[in-house]
1. Quick check: residue separation of residue 217 and residue 32 times 0.36 nm, minus the Cα distance between them. What number comes out in nm?
2. State, to one decimal in nm, how far the label point of residue 203 lies from the label point of residue 131, with both points 7 Å from Cα in the Cβ direction.
């Protein structure tokens, strides 16, 4: 996996995925359904290996995928072992209309664990357009994927259904595992409402938000935004604040005097006999 190192590249991350499964499960059909990218490897590849690239958009980042289709025939097992090195993800493909291809997934998992241990995997049931010939129930495949701890998709290369979604989910899993998602967290774009709340809260103490000439719902939102983001949470002692312009120091001192004024004596019209101390 590599990140963007120069502005010449048209992608931010480069990932290598393997499409594994028995022969005639439609791995080549999946690659053929991808319209973008190159179909020839710049390094060249022997017979029994198909190659295709595609670029997906993941949370605003361009991720280029190198997809290697290893033939399911036994005579190409040696080639699979050599091309599995350096892979960052594996797509386990079976045909929903072929029970034998689903039963062979266990063998491919053993091959991956031996030659590319620890890589994230997803389970893909291909040829969903042949659902009328289904031999593998969806519930059984989903339960099998849950036991493996992998994500499950049913796709159709003929209708181009769930192809990109399955690749995107695997790419997300790979980047999260390597911690690459932290690279684009600081580039999160704040909404206009968040920007306005940040501007108001940054210059207004929390205890004075209720005195702002704003609707009650908006003032409540400002207070919750301040608490959630830790803005202006410092309590300042020995200072008073005024929202009205003018001589702030003089008015604050008058407010302090007014607040600390002792209780006044009873009015003169009040008769002493009527005032009793209880």
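Here, each number is a calculation from the coordinates, and none is a lab measurement. On a predicted model such as this, the values are computed, not experimentally measured, just so you know. When we count neighbours, we look across all protein chains shown, and the Cβ atoms used for this are built from the backbone with ideal geometry, even at glycine.
1. Details: separation 185, 0.36 × 185 = 66.60 nm, distance 5.39 nm.
Fully extending the segment from residue 217 to residue 32 adds 61.2 nm.
2. Each label point is offset 7 Å from its Cα along the Cβ direction, giving 5.8 nm.
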